[in-house]
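Beneath this line is the structure, given in structure tokens, with notes to follow.
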Amino acid sequence: MKVNLLNLIFLGAFSAFGQQQITNGDFESWGNPSPGNADEPTSWYSNKTGSSVASIGPQTCFKETTDPHSGTACVRIETKYYILAVVNGNMTTGIVNAPSQNKAEGYIGTVKHNSTSDQRRMAFTGRPDSLVGWYKYTQATSGTGASAEKGKVRAILHSGDFFDPEAPVNGNHMDLSANKIGEADFFTDAANTTQWKRFSVPFNYVKGDVPAFIMINTTSSENQLTTAPGSSGTGSKMWLDDLKVIYNTPPTTGVSETEKNDFKVYSFDRTIYVDFSEINTPSELTVLDITGKVVYSKSMETGQMNQVQLPSSLSGGTYLYRILGAEVQKSGKLNIK
């Protein structure tokens, strides 16, 4: 059947690799509707909206309007002492889980401990080169090892759900390390930094897959698993602002702009159209559900319009797609009726 491309529904939500950014990385928007906490940046969370044991601790994440790096606000996270334990300053795109009062069992996850209804994941389908941001830092003033205190920012690109740290402790969570696609880790100096300072750290990839989500975990105390009372300094503070990712374009020798990402992708009914009329690089189309699970894949034919009929077994809804080859890369969303 002849297809008129003008009648196809263009996937406006698609984005070439290198376009997507961290949600609310400038921390200008505050307050989460559910679970609600005015002292948390929108789309970010702290221990106060964590699991039951975590939430009874002191607030460690705050809106700071004095001297932000840009705009009207930044975030301050602060390590505090509470009864018999040090509560690390924390802010995350996931959920702070404390299954017990044993700090070694604490972790950050995309799912709340012992609950499947509370799931917090930041959608992200890019493969950036590096994570950058701006920070200030004040070391702890008391506690064993206070002079060695550092702040930490960790970003994990993943599919499905994820837990950090990845290794389970006393059965506190499943081992989902296989879902990790790449990560970037930044540690402040073990010293006070009173003026805004830029940091940049690379993403190290362990898979060639396109991510479905990004988890970003921050703490004002590097060791979030310290168990001995007083062994982590109390009072460490870290200010963060303007977190973003950077995409470095690979060398273009022998590769045209068309071959990298300048080709059209359309969707109509249950058919995906990939215009490879000007593409001569072998690549593969992969369709994933919103959890990051691969539900369909097919190799693309070069030099022609590819018409990919999706199987009738796929239920209607929103899906992710990626097109990946040695010199071709594109990802985005599509809706199947």
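Please treat every number below as a calculation from the coordinates, not as lab data. Note that this is a predicted model, so its numbers are computed, not measured. When we count neighbours, we look across all protein chains shown, and the Cβ atoms used for this are built from the backbone with ideal geometry, even at glycine.
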With a Förster radius of 35 Å, plug the Cβ-Cβ distance of residue 117 and residue 197 into 1/(1 + (r/R0)^6) and report the FRET value to the nearest 0.05. 0.30
Does a label point 7 Å from the Cα of residue 82, set along Cα-to-beta-carbon, have any residues of segment 33-47 with amide nitrogen under 12 Å, and which are they? 46-47
Given the options 125, 83, 106, identify the residue whose Cα lies farthest towards the positive end of the charge dipole of segment 30-246 (+1 on Cβ of Lys, Arg; -1 on Cβ of Asp, Glu). 83
Diffing segment 116-127: the Karplus 3J(HN,Hα) column from phi (6.51, -1.76, 1.60, θ = phi - 60°), in whole Hz with x for Gly and Pro, holds 9, 7, 9, 10, 10, 9, 8, 4, 6, 10, x, 10
Hey, rough spin-label estimate for residue 66 and residue 301, points 7 angstrom out along Cα→Cβ, what's it come to in nanometres? 6.8 nm
For the chain, what does the relative contact order come out to in percent, with C-alpha contacts under 8 Å and a separation of six or more? 20 percent
Volume in Å³ per residue [convex hull over Cα atoms, computed for the chain]: 148 Å³
Partners for residue 180 among aspartates and glutamates (Cα-Cα distance below 18 Å; same-chain residues under 8 apart left out): 129, 161, 164, 166, 209, 289
Equivalent ellipsoid semi-axes, segment 152-191, via Cα gyration tensor eigenvalues times 5, rooted, Å: 22, 15, 6
List the extent of the Cα atoms of segment 28-82 along each of their three principal axes, largest first, rounded to whole Å. 35, 27, 11
Loop sites in segment 282-337: GluC sites (Glu not before Pro), DSSP, at most 15 other Cβ within 10 Å: 301
Computed magnitude of the charge dipole of segment 30-246 (debye, nearest 20; Cβ of K, R +1, Cβ of D, E -1): 180 debye
Please give, to one decimal in nm, the separation of the simple spin-label points placed at residue 189 and residue 38, each 7 Å out from Cα toward the Cβ. 3.8 nm
Helical contribution to [θ] at 222 nm, DSSP H n ≥ 4, -39,500 (n - 2.57), averaged over the chain, rounded to 500: -500 deg cm²/dmol
If you rank 111, 86 by fewest surrounding Cβ atoms within 10 Å, what's the result? 111, 86
Point-to-point label distance, residue 336-residue 278, nm (Cα→Cβ direction, 7 Å offset): 3.0 nm
Once amide H atoms are placed 1.01 Å from N in the peptide plane, what residues at a sequence separation of 5 or more from residue 86, or on another chain, have their amide H within under 5 Å of its amide H? 230
Which of the residue pairs 48/333; 63/293; 293/337; 80/293; 237/333; 244/337 have a Cα-Cα distance greater than 30 Å in the structure shown? 48/333; 63/293; 80/293; 237/333; 244/337
